[in-house]
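Here the structure is laid out as structure tokens; the discussion comes afterwards.
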Amino acid sequence: MTIVLDSASATLPGGPGLPQERRLRTSIPGPRSQELMARKSAAVAGGVGVAVPIAVVAAGGGVVVDADDNSLIDLGSGIAVTGVGNANPRVVEAVQNQVAAFTHTCFTIAPYESYIAVAEALNRLTPGDHEKRSALFNSGAEAVENAVKIARHYTGRQAIVTFEHAYHGRTNLTLALTAKNQPYKSGFGPFAPEIYRVPLSYPYRDGLTGAQAAARAITVIEKQIGAENLAAILIEPIQGEGGFVVPAEGFLPGLVDWARNHDVVFIADEVQTGFGRTGRMFASEHEGIVPDLVVTAKGIAGGLPLSAVTGRAEIMDAPQVGGIGGTYGGNPLACVAALATIEAYESDGLVERAQRIGDTLLGRLRGIQARDPRLGDVRGRGAMVAMELIDPATGAPDARLTGRIARYAYEHGVILLTAGTDGNVIRFLPPLTISDALLSEGLDVVAEALAGA
Ligand SMILES: *Cc1c(COP(=O)(O)O)cnc(C)c1O
């Protein structure tokens, strides 16, 4: 099962430190991981679950190593965060230098350059060449909340449109925006008012063209809310937690056009799709849409907590001085990590790499799909690919099969994430630093899991 380090991974950032191999020394979880899981149960709140019950000691390139010296192939990147690889050398060096210089002053008390440099980079990289401003926060949910605050302030309106199957976070406002009851919302209400959910474009399930799906959503907006009450339309250009639903072509441009004609702020939540993941720097670029505000987080800082809202200067500048901020937002460690991460995306060919990873993923999974009717749909862009698992007799979502595949995978040394409102989607989000050999071996394990289930 051990494979030799291939030449590709030896040169990839994040990779060289750790042998790039799948290695099983014990069953998973091994004895040390089991010991840690017992301590977790006794010490950590029960609501904090884990998908893969291991004790991580190191990670990089395309692997995660546990305390029993098992080396697992990482097909999840900690939910699309470590696109540049875990402990990417550029990030490590930047953070080590910064932590020794100063760790915190609070940007809104005594500012520093790295925050401003991150804002400049985001203003340059996000779609559109209009004048932009950025503000930095800690988590994706916090940035989504701030985008909503800014859009409401700018428009003087309150209503926010969100979509079926949406995921925008776990704070109270973002839970109102999120569509999935279990496990996210159940028991945690009441939720924030003035949030309206409208139908998505879900080509595999609705069979509509993008224009038809946009017209359907717009009709609901006009009949049930009214443009004059609507501050913003908030959407993931490709849904993450909802199951990597890629809307039919024309759906996103149709919504953007309508929003522009009605002075409604169009917010793209690119928290999961951003930073090269889909084979473009941002997923909005695939259809050439230019959002008014773009929300980013996850892949932004190589694993350090950072998030941002970037958008049109006149919208971003609307709130009063002091209206936007927070103690830790744009922490200096996270900012230098983001600058190093952005340099890695731009200088190490990682955006192109995402496209090649996606070609491999789609090719292999469509090959399996041709022989296996349980793969109802295979979809995605770049290194953001999913398979939707169904009961071939009825077309019904098969969450049990999905759970069995994910479990088989980690027991055989592959970290695989699930998704979907019905829990029947396996999502592939490998680090962009994974070698071809490891990616291929990870997919072999997925094929084995399907064959055995
Ligand atoms: C993960 C995610 C969020 C929330 O980000 P956190 O950092 O977990 O708060 C918001 N939107 C999308 C699309 C996400 O994938």
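The values are calculated or read from the model by the stated rules, or taken from the named source; none is laboratory data. In this text the structure is predicted, and so the values were computed from the model without any measurement. Backbone-built Cβ (ideal geometry, glycine too); neighbour counts: all protein chains shown. These area figures cover heavy atoms from the full protein model, side chains too; ligands, DNA and RNA do not enter into them. Shrake-Rupley method; radii C 1.70, N 1.55, O 1.52, S 1.80 Å.
A 1.4 Å probe, protein heavy atoms only, puts the accessible area of SER440 near 40 Å². Counting only protein heavy atoms and a 1.4 Å probe, the chain has 39 square angstrom of accessible area per residue. When ARG216, ARG22, ARG404 are compared by accessible surface with a 1.4 Å probe, the order from highest to lowest is ARG404, ARG216, ARG22. Distance from the C-alpha centroid of the stretch 83-132 to that of the stretch 153-222: 31 Å, rounded to the whole angstrom.
In loop segments of the stretch 99-179 as defined by DSSP, the GluC sites (Glu not before Pro) with at most 13 further C-beta atoms inside 10 Å of their C-beta are GLU131. On the chain, 52 percent of the accessible area sits on carbon and sulfur atoms, based on a 1.4 Å probe. Using 0.36 nm per residue and subtracting the Cα-Cα separation, the extra length available between SER186 and ASN172 on full extension is 3.8 nm. Taken about its Cα centre, the stretch 91-347 carries a charge dipole of about 640 debye when Lys and Arg each add +1 at the Cβ and Asp and Glu each add -1 at the Cβ.
Which percent of the Cα-Cα distances in the stretch 91-347 go past 34 Å? The answer is 15 percent, as a whole percent. Summarising the amide proton neighbourhood of ALA59: residues at separation of 5 or more, or on other chains, whose placed amide H is nearer than 5 Å comprise VAL65.
What's the magnitude of the charge dipole for the chain around its Cα centre, counting Lys and Arg as +1 and Asp and Glu as -1 at the beta-carbon? Answer in Debye, nearest 20.
840
Evaluating 6.51 cos²θ - 1.76 cosθ + 1.60 at θ = phi - 60° for every residue in the stretch 24-33, the Karplus couplings come out as 10, 8, 9, 5, 10, x, x, x, 5, 5 Hz, glycine and proline recorded as x.
How many angstrom lie between the C-alpha centres of the stretch 351-385 and the stretch 333-348? Cα centres, the stretch 351-385 to the stretch 333-348: 28 Å. If you wrap the Cα atoms of the chain in a convex hull and average its projected area over all directions, you get 21.3 nm². Projecting the Cα positions of VAL425, ALA449, LEU439 onto the charge dipole of the stretch 401-453 (unit charges on Cβ atoms of Lys, Arg, Asp and Glu, taken about the Cα centre) puts VAL425 furthest along the positive direction. Residues TYR115, TYR154 ordered from highest to lowest accessible area at a 1.4 Å probe: TYR154, TYR115.
Between ASP69 and ALA215, residue separation times 0.36 nm minus the direct Cα-Cα distance comes to 47.2 nm.
Between GLN158 and ARG124, the modelled label-to-label distance comes to 4.2 nm, taking each label 7 Å out from Cα in the direction of the beta carbon.
Given the options SER307, ALA334, SER71, identify the residue whose Cα lies farthest towards the positive end of the charge dipole of the chain (+1 on Cβ of Lys, Arg; -1 on Cβ of Asp, Glu). Comparing the listed Cα positions along the dipole, SER71 ranks first.
Normalised by residue number, the volume inside the convex hull of the Cα atoms of the stretch 130-198 is 104 Å³ per residue. Applying the Karplus relation 6.51 cos²θ - 1.76 cosθ + 1.60 with θ = phi - 60° to the stretch 165-172 yields 3J(HN,Hα) values of 6, 5, 9, 10, x, 10, 6, 4 Hz, where x marks Gly and Pro. Computed from the C-beta positions of ASP372 and ARG400 and an R0 of 22 Å, the FRET efficiency is 0.85 to the nearest 0.05. Counting heavy atoms of the protein chains alone, GLU194 has an accessible area of about 70 Å² for a 1.4 Å probe.
In nm, to one decimal, how far is the modelled label at TYR204 from the one at GLU411, with both set 7 Å along Cα→Cβ? Placing both labels 7 Å along Cα→Cβ, they lie 2.5 nm apart. Which value, in Å² rounded to 10, gives the accessible area of LYS298 with a 1.4 Å probe and all protein chains present? Roughly 50 Å² of LYS298 is accessible to a 1.4 Å probe. Other residues within the sphere of radius under 11 Å centred on the Cβ of ASP206, judged by their own Cβ, net out at +1 (K and R +1, D and E -1). Dipole magnitude for the stretch 41-180: about 660 debye, using +1 per Lys or Arg Cβ and -1 per Asp or Glu Cβ, origin at the Cα centre. Look at the dipole of the chain built from charges on Cβ: of ALA101, ALA80, LEU136, the Cα furthest out on the positive end belongs to ALA80. Name the residues of the stretch 304-345 whose amide N is less than 14 Å from a point 7 angstrom out from the Cα of VAL99 along the C-beta direction? Answer for this model: 304-305, 332-337.
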